[in-house]
Amino acid sequence: MAPPLIQLKDIFLTFGGTPLLNGVELSVSQGERVCLIGRNGSGKSTLLKIVAGIVENDKGSRFVQPGATVQYLPQEPDFSGYATTLAYVEAGMGDGHNIYQAQYLLEQLGLTGHEDPNNLSGGEARRTALARVLAPEPDILLLDEPTNHLDLTTIEWLEGELASRRCALVLISHDRRFLSNLSRATAWLDRGQIRQIDRGFSAFEQWRDDVLAEEERDQHKLDRKIVNEEHWLRHGVSGRRKRNVKRLAGLHELRAQRQDYRGAAGNATLAAAEAEKSGKLIFEAKNICRTYGDRKIVDDFSIRVQRGDRIGVVGPNGAGKTTMINMLTGTEPPDSGTIRFGANIEMATLDQHRESLNPKTTLAEALTGGRGDHVMVNGQPKHVVSYMKDFLFSQEQMRTPLEVLSGGERGRLMLARALAKPSNVLVLDEPTNDLDLETLDVLEEMLGDYEGTVILISHDRDFLDRVVTSVIVPEGNGKWMEYAGGYTDMLAQRGADLKREAKTEAVAAKSNGSKSEASKPAGKRKLNFKDKHALETLPKAMDNLRSEIAKQQRHLDDPNLYKKDRKKFDTATAALSKAQKELQDSEEQWLELEMLREEIENA
């Protein structure tokens, strides 16, 4: 194996209370492509800053191969002090670098290099920051959410650019398809520690579920062992004092182990506050047009949206996606054409401009509007702490100013504000930005259960395929078309018009083939007669085995047994070993059946 370019050993970091990083180990060699996965707030961005040498850890060591160059892409780059985007990119290059590479990359990313960094949109800022880290052609690239605010065309260009480079890559992203296409190894940051596999993201979710299931089984066994030891402590303290003291110490160790256990973080509880059902027609647009100066943004577009539709709007940045949604939802009038709205429409909107929130405002004030300690959900007051917990915020964060929240936490906050309002039409502009994968799963389920209508802008191909029933796409010169199905279905229907995109999707589909097969839902399992019989008889059988173990143990407690009766000693030893093995197997079988029974009852 190649020597590591960068290596972290036994990294500890605590921001008061529970350690954020607790003995983290991470090693990246030349050409490795590692995706760093973890829940919002688990410390992914902080760990990446430690790798980049920006944040100092409390304990542990960081090694970088002498002469190796590292470039780090932050979520929120600092453009202060730079007159143009070209100046910002060139400042990241050292002596000996090809200075023309900066201008080339900016042009590839749709920028001239003359833009004022203080007036950039979110997408332009992200593209400028990407040009800065790519231009020096470093040995190690550390990318924190590189696809945020990028349109689909740029995301696919970035995939190709990164795939063609020989540098090592450590990548944080919520974009499943982007991760699957690029990663070859996965580092999972969970409860302060790293678990790593030499497989890309396409294998991660099944592996994670297996790890958590095994961990749950181990905790069941530990709980049962503690119960048995406590039973012995109350009813079975007899025999040699030295043995009893040792066994009591073991019980204390088991209890301490159980107390120190940090269970996996729960999932957010996302539920939209639904208003009364709307009419069957949501809106109908006929021949609507919109222009800015000489440029046609929307030209002669018609659509009919009915209750329950899930519509995705995709396209390059600046194509007019937000303008299209604003016209369809009545926020902006078209220059010409008509829009007819249905009856009883209650609309809730999530926009992408999180910077509109006052950074000095506390989390509780942002949710309540600064009025008391309750949030109105479905027209009913709910205590702000209870509502915060639904979105994975802790009670201690109630007075936390928004400026210290992570990108994912701000994303959950915006969702919490939007979903509290009763609605039968949800309008979501880039809802997936900064959300972790588990919260994305819950958001998808919530949208699937939502009885109203959903209209969303997104550049997340996987999210579009899972959620929407049709896609609206710009065709150029103000022309827009609606295609049935998700993003991949749209590509198939457009065919030759998007050859490059279709090729990328084919590669993604090939790399994800095994995952797709593995993720097909299995038939619902039921308890058969044999399982039910085992559930009823195993507890008694386990009690009998414990009695047998105690009986044989009493024989072996005689220190002179081996000398007095070798045959009896051998028989007791064999019987004890057999009973202990049978008890272990029975406990595992009973735990599996009990978990299955609970799963079936809760389904």
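The table for this structure:
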| read-out | value |
| --- | --- |
| Rounded to whole Hz, the Karplus (6.51, -1.76, 1.60) HN-Hα couplings of segment 118-130, x for glycine and proline | 6, 10, 7, 6, x, x, 5, 5, 5, 5, 5, 5, 5 |
| Net length gained if the chain between ALA68 and THR14 were fully extended (0.36 nm per residue, minus Cα distance) | 16.6 nm |
| Additional length obtainable on full extension of the chain from ASP116 to GLU588, 0.36 nm per residue less Cα span | 163.5 nm |
| Amide H contacts under 5 Å for VAL313, placed H, 5+ residues apart | LEU456, ILE457, SER458, ILE472 |
| Relative contact order (%) - segment 284-356, alpha-carbon pairs under 8 angstrom, separation at least six | 37 percent |
| Anisotropy class of segment 96-186 from Cα gyration tensor, a/c 1.5 cut | oblate |
| In range of the label at LYS286: residues from segment 307-349 whose backbone nitrogen is under 11 Å from the point 7 Å along Cα→Cβ | 337-340 |
| Theoretical FRET efficiency, 1/(1+(r/R0)^6), r = Cβ-Cβ of MET398 and ARG371, R0 22 Å, to 0.05 | 0.90 |
| Ranked packing of 181-193, 205-217, 449-461, most packed first, by mean Cβ within 10 Å | 449-461, 181-193, 205-217 |
| Relative contact order, percent, segment 355-421 [alpha-carbon distance under 8 Å, six or more residues apart] | 39 percent |
| Label-point gap, in nm, between GLU161 and ALA484 - each point 7 angstrom along Cα→Cβ | 3.8 nm |
| Amide H within-cut-off set for ILE194, under 5 Å, with H built and near neighbours excluded | GLU25 |
| 3J(HN,Hα) from dihedral phi, segment 138-150, Karplus parametrisation 6.51/-1.76/1.60, rounded to Hz, x for glycine, proline | x, 7, 10, 10, 10, 10, 9, 6, x, 8, 4, 6, 8 |
| Model label zone, ASP335; criterion: amide N under 16 Å from point 7 Å along Cα-to-beta-carbon; scope segment 457-490 | 476-480 |
| Whole-Hz couplings from phi, Karplus 6.51/-1.76/1.60, listed for segment 321-330; x for Gly and Pro | 4, 5, 4, 4, 5, 4, 6, 5, 9, x |
| Beta bridges per DSSP with both ends in segment 4-206, % antiparallel, nearest 5 | 50 percent |
| Distance violations [Cα-Cα > 22 Å] among LYS296/LYS321; LYS9/LYS44; LYS9/LYS389; LYS225/LYS581; LYS277/LYS421; LYS225/LYS540 | LYS9/LYS389 |
| Rounded, prolate or oblate (a/c below 1.5 giving rounded, otherwise prolate when a/b exceeds b/c) for segment 290-425 by Cα gyration tensor | prolate |
| Value of relative contact order over segment 4-206, rounded to a whole percent, pairs C-alpha under 8 Å and six or more apart | 29 percent |
| Where labels lie 7 Å past Cα in the beta-carbon direction, separation of LYS389 and ASN344 in nm | 3.4 nm |
| Separation of the ARG191 and ARG295 label points, Cα + 7 Å toward Cβ, nm | 5.2 nm |
| Calculated FRET value between LEU596 and SER61, using beta carbons and R₀ = 51 Å, to 0.05 | 0.65 |
| Segment 1-58: C-alpha gyration tensor shape, a/c 1.5 cut-off, then a/b vs b/c | prolate |
| Length released on extending from TYR104 to THR361, taking residue separation times 0.36 nm less the Cα-Cα span | 88.4 nm |
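Read the figures in this text as sums done on the coordinates, not as results from a lab. On a predicted model such as this, the values are computed, not experimentally measured, just so you know. Note: ideal-geometry Cβ built from the backbone for every residue, glycine included; neighbour counts use all protein chains shown.
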